[in-house]
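The values are calculated or read from the model by the stated rules, or taken from the named source; none is laboratory data. Please read these numbers as outputs of a predicted model, since none were measured by experiment. Counting neighbours? That spans all protein chains shown, and the Cβs are built from the backbone with ideal geometry, glycine included. We work out accessible area using only protein heavy atoms, side chains counted, and drop any ligands, DNA or RNA first. Shrake-Rupley method; radii C 1.70, N 1.55, O 1.52, S 1.80 Å.
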Amino acid sequence: MHHSLLHRTSKMPLLLALFSLLSPIGFAQVNPKITIDLKSKGAQISEDLHGIFFEEISHGGEGGLYAELIQNRSFEESRIPEGCVLDSGWIIPPRTEHFGAHRVVDWKMPFEAKSDYPAWSMTSVGNAKANISLDLQNPLHVETPRSLKIDIVNADASNVVKIVNDGYWGIKVDQHATYRLTFYARPQGYRGDVTARLVSIDGQVLAEQKFHIRDVNEWQNFNGILKAKTSHQKAKFELVFSSVGKVWIDFVSLFPTKTFKDRANGMRLDLANYLAELKPAFLRWPGGCFVEGISVESAPNWKRSLGPVEKRSGTYSPWGYWSTDGIGYHEFLQFCEDINAKAMYVFNCGIACEMRSGVHVKDDGVPAIIADVLDAIEYAIGPKDSKWGSVRAANGHPDPFPLKYIEVGNEQVGVEYAKRFNVFYKAIKERYPQLEILAAMGIAHLNQPTIKAIDKMDFADEHAYKAAGWAMNYHDWYDKYERNDWKLYVGEYACNAGVGNGNMTAALNDATFILGMERNSDMIKMSSYAPLLENVNDTDWPVNLIRFDNARSFGRISYYAIKMLNENKASYNLSTTVDAPVTKDIPFFTGGIALSTWDTQAEFRDVEIIENGKVVFQSGNAGNNDWHFVGGKWSEENGVIAQRTEGAWPMAMLQRKTFSNYTLKLKARKISGYNAFMIPFAIKDNDNYLRVHIGAWVNKIAAFESVSKGGDAIVSQPVRLENPIEINRWYDVELRVANTSVECFLDGKLLMRYEKPRDFFAIAGVDEQSNEVVVKVVNASAQSRKVDLVLSGGTVNHKAKAITLSSPSADDENTFERPTQFIPVSESFDVKGQKSQYDFKPWSITILRMKK
Ligand code: AHR
């Protein structure tokens with residue numbers, strides 16, 4: 001796990017799978033009803049609604065989409081980001097003033113490289129003897145100054161020295177497949193051969209080729225094709241030396257000859273196919289936080305990412321590893337063309353992310369950034385005889401690429417950013433009025449001060465990382481947005497907490513979220529799930545769309561949900577009402593209770609639980625051992641249960657008790673610290689529960705929160721406290737837990753209320769091309785739902801089609817072993833007139849297509 005945890009904990013809300021954990025099994029449902037007015041014509045649905053977002057995170061590119069098989073091919077991986085220093089294992093960016101905070105901040109990140117030459121090692125066979133070291137003398141290219149020096153003091157034909165590369169957690173070798181090898185070597189007193197090999201873990205040679213080196217103390221380039229005799233899942237690559245002398249090696253590269261569209265320096269076939277099959281309308285690149293870099297100097301630079309790959313210096317990803325820039329600007333544009341997607345280029349606007357160091361280019365540096373981005377645009381779409389268009393042509397692509405969108409930075413907000421945005425917008429629009437310019441926004445909301453300070457924008461890019469249940473709780477989130485003269489792009493969205501590695505609960509949440517976006521398609525014109533790709537050997541961010549290792553890959557259920565919703569996008573919306581009453585007679589909040597704090601010392605007393613008017617528990621009975629303490633420093637004396645340390649979520653859990661419908665009363669007193677009181681309830685186990693948090697956000701708000709193994713997240717609209725919780729004052733706290741609602745009282749006054757979220761959602765539209773009514777339905781419950789389908793204002797053909805993505809349990813996931821266990825299934829069904837019925841499966845996403 002990377003430094004990204006630092007980033008993540010501060011930015012990422014995390015929450016539990018409310019539905020899978022709390023939905024009672026087997027309760028009776030009232031039939032929902034979907035009423036569709038076939039005559040109504042709502043908002044047009046954007047062609048570009050579903051796109052994708054690629055970022056170098058979790059080795060999505062390096063050891064992922066980029067088909068290179070050799071890790072650290074240029075020996076640059078132990079470089080620290082430019083402009084930064086290394087101090088006791090930490091990367092320290094320049095300590096300049098944070099653009100937002102207006103002070104120097106002490107943000108730093110751990111340096112992950114564990115060796116001078118990660119992924120490489122040496123083995124000597126028999127009496128062979130050699131030393132290897134990283135070397136900066138006589139580089140192959142100044143841009144890539146490092147090479148590996150091999151000083152062989154003893155070796156012969158049977159006592160050899162092997163320089164071994166592990167690939168990206170192994171190299172997948174397929175029988176009869178061919179692999180394109182290139183490497184550079186510079187010998188000094190080495191008179192012999194070098195053999196390149198692919199070998200299995202137990203040393204079996206899978207493919208090999210011998211090269212003769214001339215001892216001329218100059219860099220020599222070697223190329224060959226390795227043809228595999230046998231398959232192996234986790235092979236290694238070796239360069240085998242059998243003579244004494246010194247040899248430097250650099251840029252050792254191995255690609256499968258079969259890449260996506262057979263491009264040299266191309267993309268890994270299975271992963272590129274997943275992306276192509278999503279039929280994304282656009283591709284956003286290169287980030288994300290990646291765009292910011294760690295320092296201004298180390299931020300990605302499109303010009304450095306062009307041209308011969310062995311000359312590309314690479315970029316340090318803020319996700320903790322070196323990127324070769326193998327997928328450079330040209331490859332990005334080419335890939336967009338190859339998958340028939342428009343290109344969205346995000347450029348570094350000279351301001352870093354508010355969560356990091358905040359180093360920034362001062363105003364006098366802005367003209368250079370403008371010139372640079374105009375060059376980038378010219379490279380993509382300028383005439384082939386323009387300055388940069390001719391470079392594109394020289395790189396093999398005389399025709400323009402499909403660049404359509406330009407985003408100014410990533411996740412930056414504030415007036416400073418807005419001022420800068422205005423300058424970029426004007427400069428780009430003046431030259432390229434056909435392009436659409438996007439303003440970055442923060443996570444989870446549109447930043448109003450930023451928007452007010454922006455003169456004109458085409459799109460605002462809001463990011464929406466949400467926990468399980470959020471999409472259901474806030475299914476009408478976008479309905480409430482004020483409409484403006486700009487459009488909304490949900491540039492990063494995902495239900496990524498409380499959902500295991502990305503299970504059916506995640507898919508149901510993602511689908512509900514998409515339905516909400518589609519319903520608001522007068523305003524939301526684009527969206528992209530994030531992050532897209534995850535090498536499971538190095539996960540930087542929880543819950544990604546497509547998971548893989550060196551040999552295998554699979555799309556999560558959410559992948560198929562997005563795919564089917566995109567494939568069945570309507571042309572315009574139909575007015576649709578959904579009547580899906582929540583059953584009130586089954587308890588939804590069953591579980592244990594506890595006392596807790598967060599970076600706060602507090603005391604609790606007079607804890608009382610009342611069920612059916614009877615007191616069933618009272619604290620303070622000495623010797624009863626009522627509480628089980630988890631973390632923190634707890635004591636129970638004279639009826640007072642005290643927690644006396646800092647830290648997150650120490651808990652005093654009431655032992656052996658489960659409650660469904662009850663009132664919990666207690667007195668609580670803050671002693672010191674940042675926040676105030678937390679009362680966990682509906683506890684399933686230490687890691688799964690809901691809680692009331694009074695005095696969250698440094699004693700400013702109260703909210704219902706949810707906790708899962710992954711972390712916590714707010715699930716209700718936060719309530720601002722009239723006054724912060726005072727120190728040394730006893731407060732009365734009361735929770736009234738009913739079947740489907742929880743009310744929290746502070747000193748006898750209702751503070752906030754939480755309701756069981758809805759679990760059935762639908763929208764409808766018309767696909768003008770096929771003249772079909774398309775109904776999209778999410779059933780986020782454990783029951784199948786017989787639904788009345790009422791059509792007014794027209795009729796449909798009785799022969800219709802249903803496409804269903806479902807699983808027996810909300811916890812189900814696709815896996816490496818069963819990659820397509822849960823995928824959409826199509827069947828036909830009969831529509832019986834204007835009042836028909838359809839049985840929606842438990843835990844399902846369904847699309848009905850009915851010919852008008
Ligand atoms: O998608 C992962 C990260 O989430 C992106 O880099 C950033 O834009 C967001 O915070």
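Considering the conditions (1) surrounded by fewer than 23 Cβ atoms within 10 Å (Cβ to Cβ); (2) over 19 Å from residue 302 (Cα atoms), residue 369 is excluded by exactly one of them, (2). Only one of the listed residues (19, 27) is in a helix (DSSP H, G or I), more than 30 Å from residue 269 (Cβ to Cβ) and either more than 16 Å from the ligand (Cβ to nearest atom) or modelled with pLDDT of 95 or more (or both). That residue is 19.
Screening the candidates 485, 479, 455 for the property of being part of a helix (DSSP H, G or I), more than 14 Å from the ligand (Cβ to nearest atom) and modelled with pLDDT of 95 or more yields one hit, 479. Does any residue of segment 168-178 turn out to be surrounded by fewer than 13 Cβ atoms within 10 Å (Cβ to Cβ) and at pLDDT below 95? For segment 168-178, residues surrounded by fewer than 13 Cβ atoms within 10 Å (Cβ to Cβ) and at pLDDT below 95: absent.
When segment 198-212 is filtered for residues that are open to solvent by 90 Å² or more (accessible area, probe 1.4 Å) and within 20 Å of residue 243 (Cα to Cα), the ones remaining, listed by number, are 208, 210, 212.
Considering only residues that are open to solvent by less than 10 Å² (accessible area, probe 1.4 Å) and either among the charged types (D, E, K, R) or touching a Phe, Trp or Tyr at 6+ places or on another chain (Cβ under 8 Å) (or both), which ones fall in segment 445-468?
First, the residues of segment 445-468 that are open to solvent by less than 10 Å² (accessible area, probe 1.4 Å): 450, 457, 459-465, 467-468.
Scanning segment 445-468 gives 450, 457, 459, 460, 461, 462, 463, 464, 465, 468.
Here is a check on your reading of the model: is residue 318 in contact (Cβ under 8 Å) with a residue 12 or more places away in the chain, within 18 Å of the chain's Cα centre (by Cα), crowded, with 24+ Cβ neighbours inside 10 Å and farther than 24 Å from residue 436 by Cα? Spelling it out, residue 318 is indeed in contact (Cβ under 8 Å) with a residue 12 or more places away in the chain, within 18 Å of the chain's Cα centre (by Cα), crowded, with 24+ Cβ neighbours inside 10 Å and farther than 24 Å from residue 436 by Cα.
Determine whether residue 757 is open to solvent by 20 Å² or more (accessible area, probe 1.4 Å), in contact (Cβ under 8 Å) with a residue 12 or more places away in the chain, touching a Phe, Trp or Tyr at 6+ places or on another chain (Cβ under 9 Å) and of a type outside the set (A, V, I, L, M, F, W, C). In short, no.
From the residues in segment 117-137 that are more than 19 Å from residue 237 (Cβ to Cβ) and modelled with pLDDT of 95 or more, which one is most open to solvent (accessible area, probe 1.4 Å)? Write out each step before concluding.
Pass one, segment 117-137, residues more than 19 Å from residue 237 (Cβ to Cβ): 126-127, 129, 131, 133, 135-137.
Still in the running and modelled with pLDDT of 95 or more: 126-127, 129, 131, 133, 135-136.
Numbers: 126: 64, 127: 110, 129: 127, 131: 100, 133: 47, 135: 26, 136: 99 Å².
Result: 129.
Looking at 709, 700, just one residue is modelled with pLDDT of 95 or more and not hydrophobic (A, V, I, L, M, F, W, C), and that residue is 700.
Taken over segment 93-109, the criterion of being open to solvent by 30 Å² or more (accessible area, probe 1.4 Å) and modelled with pLDDT of 90 or more is satisfied by 108 alone. Assessment of segment 475-487 against the conditions (within 18 Å of residue 561 (Cα to Cα), touching a residue at least 12 places away in the same chain (Cβ under 8 Å) and not β-branched (Val, Ile, Thr)) yields at least one matching residue.
Only one of the numbered conditions (1) assigned to a helix (DSSP H, G or I); (2) open to solvent by 40 Å² or more (accessible area, probe 1.4 Å) is not met by residue 422, and that is (2). Taking each residue of segment 166-194 that is under 24 Å from residue 115 (Cβ atoms) and of a type in the set (Val, Ile, Thr) and looking for partners that are open to solvent by 10 Å² or more (accessible area, probe 1.4 Å) and assigned to a loop (DSSP other than H, G, I, E, B) with beta-carbon atoms closer than 9 Å, six or more apart or interchain, yields 171/69; 171/550; 171/551; 194/242.
Per-residue answers, yes or no, for (1) outside the structural domain of residue 840 (by the TED database); (2) in contact (Cβ under 8 Å) with a residue 40 or more places away in the chain; (3) assigned to a strand (DSSP E or B); (4) closer than 21 Å to residue 475 by Cα:
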residue	(1), (2), (3), (4)
731	yes, yes, yes, no
739	yes, yes, no, no
743	yes, no, yes, no
765	no, yes, yes, yes
769	no, yes, no, no
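The residues in segment 527-558 that are within 16 Å of the ligand (Cβ to nearest atom) and either over 17 Å from the mean Cα position of the chain (by Cα) or hydroxyl-bearing (Ser, Thr, Tyr) (or both) can be counted, and the count is 5. Mind checking whether some residue in segment 433-444 is crowded, with 17+ Cβ neighbours inside 10 Å, at pLDDT 90 or above, in the same structural domain as residue 514 (by the TED database) and polar (S, T, N, Q)? Within segment 433-444, not a single residue is crowded, with 17+ Cβ neighbours inside 10 Å, at pLDDT 90 or above, in the same structural domain as residue 514 (by the TED database) and polar (S, T, N, Q). Restricting segment 715-729 to residues that are closer than 23 Å to residue 671 by Cβ and without any contact (Cβ under 8 Å) to a residue 60 or more places away in the chain leaves a set whose member that is surrounded by the fewest Cβ atoms within 10 Å (Cβ to Cβ) is 723.
Here is the figure for segment 819-852: residues that are without any contact (Cβ under 8 Å) to a residue 60 or more places away in the chain, under 30 Å from the mean Cα position of the chain (by Cα) and not in a strand (DSSP E or B) total 1. Total residues in segment 661-683 satisfying the condition of being over 20 Å from residue 589 (Cα atoms) and not hydrophobic (A, V, I, L, M, F, W, C): the figure is 7.
What are the residues in segment 208-221 that are closer than 17 Å to residue 162 by Cβ and assigned to a strand (DSSP E or B), if any? Passing the criteria: 208, 209, 210, 211. If you filter segment 797-811 down to residues that are part of a loop (DSSP other than H, G, I, E, B) and modelled with pLDDT of 95 or more, you find that the one that is surrounded by the fewest Cβ atoms within 10 Å (Cβ to Cβ) is 808.
I'd like the residue in segment 44-92 that is part of a strand (DSSP E or B) and surrounded by fewer than 17 Cβ atoms within 10 Å (Cβ to Cβ) and, out of all such residues, is nearest to the ligand (Cβ to nearest atom).
Filtering segment 44-92 for residues that are part of a strand (DSSP E or B) and surrounded by fewer than 17 Cβ atoms within 10 Å (Cβ to Cβ), the one nearest to the ligand (Cβ to nearest atom) comes out as 90.
Residue under question is residue 473, and the condition is that it be in contact with a Pro (Cβ under 7 Å, 6 or more places away or on another chain) and either closer than 26 Å to residue 690 by Cβ or surrounded by 18 or more Cβ atoms within 10 Å (Cβ to Cβ) (or both); does it hold? Yes. Note on segment 617-627: residues that are surrounded by 12 or more Cβ atoms within 10 Å (Cβ to Cβ) and closer than 18 Å to residue 668 by Cα amount to 6. Note on segment 245-271: among residues that are of a type in the set (Val, Ile, Thr) and within 21 Å of residue 335 (Cα to Cα), the one that is most open to solvent (accessible area, probe 1.4 Å) is 257.
The listed residues are 416, 411, and the only one of them that is among the acidic types (Asp, Glu) and away from the ligand (no atom under 16 Å from the Cβ) turns out to be 416.
Selection of first residues in segment 274-295 that are of a type in the set (Val, Ile, Thr) and of second residues that are near the ligand (Cβ under 10 Å from one of its atoms) and in a strand (DSSP E or B), restricted to Cβ pairs under 8 Å at least 6 apart or on distinct chains, gives the following pairs, ordered by first then second residue: 291/346.
Restricting to segment 213-244, what's the tally of residues that are touching a Gly at 6+ places or on another chain (Cβ under 8 Å) and either open to solvent by 10 Å² or more (accessible area, probe 1.4 Å) or within 21 Å of residue 311 (Cβ to Cβ) (or both)? Step through it out loud before you land on a result.
Filtering segment 213-244 down to residues touching a Gly at 6+ places or on another chain (Cβ under 8 Å) leaves 213, 215, 233-237, 241-244.
Retained after the next criterion (residues that are either open to solvent by 10 Å² or more (accessible area, probe 1.4 Å) or within 21 Å of residue 311 (Cβ to Cβ) (or both)): 215, 233-234, 236, 242-244.
Summing the residues that are touching a Gly at 6+ places or on another chain (Cβ under 8 Å) and either open to solvent by 10 Å² or more (accessible area, probe 1.4 Å) or within 21 Å of residue 311 (Cβ to Cβ) (or both) in segment 213-244 gives 7.
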